[in-house]
Amino acid sequence: MNNNNFTIKTKELVKVFRTEEVETTALNKVDLEVKEGEFVAIMGPSGCGKSTLLNILGLLDNPSGGEFYFNGVEVSKFKEKQRTNMRKANIGFVFQSFNLIDELTVFENVELPLLYMNVPSSERKRKVEAVLERMKISHRKKHFPQQLSGGQQQRVAIARAVVANPKLILADEPTGNLDSANGEEVMNLLSELNNEGTTIVMVTHSPSDAEKAHRIVQLFDGHIVTENVKKIL
């Protein structure tokens, strides 16, 4: 499913946000390595740097300092176009707010990453229908996001994240807007994808969601303060 030995690795990663009056260090010399097939949860209080770290790991932003190796390539100084090309070929995103496009149907939302990758029409149709079937949302493929429940919208968002078979899924509070039953369902889907070999890094405030991960990384004031590696039975 994925290339051999896919890894992401940071060395002394720093991110500083500056305004005219204030300089804020969001990440302060973060060393993190995620190996192929891992499921890593990142936890910590609000404002500790979790989303900033996820944005850098997802090639949405560059660090201010340090090194970032994405599948063996040092990418910390990449221009936006280089980041975009690497991102769309390798990463799927799942957000708390679903980030679906209201004007597009379920089918069209899930198809979008394949359009960006210039996948031929017949192959797009096959891939989208297969992933909608897998996420048990095929019966809603002609509906628009506003016509779906929160749990259904998040299933569509996961379908969109995985339709291009990415090496890495980044999930930012994936159950944050869901009730417990739908949240459990979404976490089971992510665990299933991970069991099939997809690498997952998830930011969460939920201890029960974090329990699904192999490893829990605690951030505080831009530092990694603890790492809890769980025994995989």
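Numbers at a glance
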{"read-out": "Whole-angstrom gap from segment 68-112 to segment 9-63, using each part's C-alpha centre", "value": "17"}
{"read-out": "Val73-Ser149 pseudo-label distance in nm [points 7 Å out on the Cα-to-Cβ vector]", "value": "4.1"}
{"read-out": "Residue-normalised accessible area of segment 89-233, given per residue in Å² at a 1.4 Å probe", "value": "48"}
{"read-out": "Length-normalised contact order for segment 8-74 - Cα pairs under 8 Å, 6+ apart - percent", "value": "44"}
{"read-out": "Stokes-Einstein translational diffusion, segment 114-233 - Kirkwood Rh over all Cα pairs, 0.692 mPa s, 37 °C, in µm²/s", "value": "207"}
{"read-out": "Sequence of Glu129, Glu184, Glu103 when ordered by accessible area, the most exposed leading, probe 1.4 angstrom", "value": "Glu103, Glu184, Glu129"}
{"read-out": "DSSP bridge pairs, the chain: antiparallel proportion in percent, nearest 5", "value": "55"}
{"read-out": "In order through segment 93-101: 3J(HN,Hα) via Karplus (6.51 cos²θ - 1.76 cosθ + 1.60), integer Hz, x for Gly, Pro", "value": "10, 10, 10, 4, 8, 6, 6, 7, 8"}
{"read-out": "Projected-area average for the chain over all orientations - Cα convex hull basis, square nanometres", "value": "13.4"}
{"read-out": "Positive-end extreme of charge dipole, segment 81-233 - chosen from Gly176, Ile137, Thr204 (charges on Cβ)", "value": "Ile137"}
{"read-out": "J(HN,Hα) series, segment 165-170, from Karplus relation 6.51 cos²θ - 1.76 cosθ + 1.60, nearest Hz, glycine and proline x", "value": "6, x, 6, 9, 10, 10"}
{"read-out": "Relative contact order computed over segment 118-185 (Cα-Cα under 8 Å; 6+ residues apart), in percent", "value": "30"}
{"read-out": "Most mobile of Ser191, Ser76, Ser149 in a GNM of the chain (Cα contacts under 10 Å)", "value": "Ser149"}
{"read-out": "Evaluated at q = 0.18, 0.24 Å⁻¹: base-10 log I(q)/I(0), Debye formula over Cα of segment 4-87", "value": "-0.78, -1.29"}
{"read-out": "Tilt relative to the chain, helix 106-116 - C-alpha long axis, 0 to 90 degrees, to 10", "value": "60"}
{"read-out": "Cα convex hull of segment 53-100, projected area averaged across orientations, nm²", "value": "3.8"}
{"read-out": "Two-decimal Rg to Rh for segment 117-162 - Kirkwood Rh, Cα set", "value": "0.98"}
{"read-out": "Under-13-angstrom lysine pairs by C-alpha in segment 1-85, whenever the two are 8 or more apart or on separate chains", "value": "6"}
{"read-out": "Extension reserve of the Phe17-Ser46 stretch, reckoned as 0.36 nm per residue once the Cα distance is removed", "value": "8.8 nm"}
{"read-out": "Percent RCO, i.e. relative contact order, over the chain, from Cα pairs under 8 Å lying at least 6 residues apart", "value": "29"}
{"read-out": "Dipole axis of the chain (+1 Lys, Arg; -1 Asp, Glu on Cβ), positive-most option in Ile42, Ala157, Pro113", "value": "Pro113"}
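The values are calculated or read from the model by the stated rules, or taken from the named source; none is laboratory data. Values in this document were obtained by computation on a predicted structure and should not be read as measured data. A quick note on method: Cβ atoms are made from the backbone with ideal geometry, for glycine too, and the neighbour counts reach across all protein chains shown. For accessibility, only protein heavy atoms count, side chains too; no ligands or nucleic acids. Shrake-Rupley method; radii C 1.70, N 1.55, O 1.52, S 1.80 Å.
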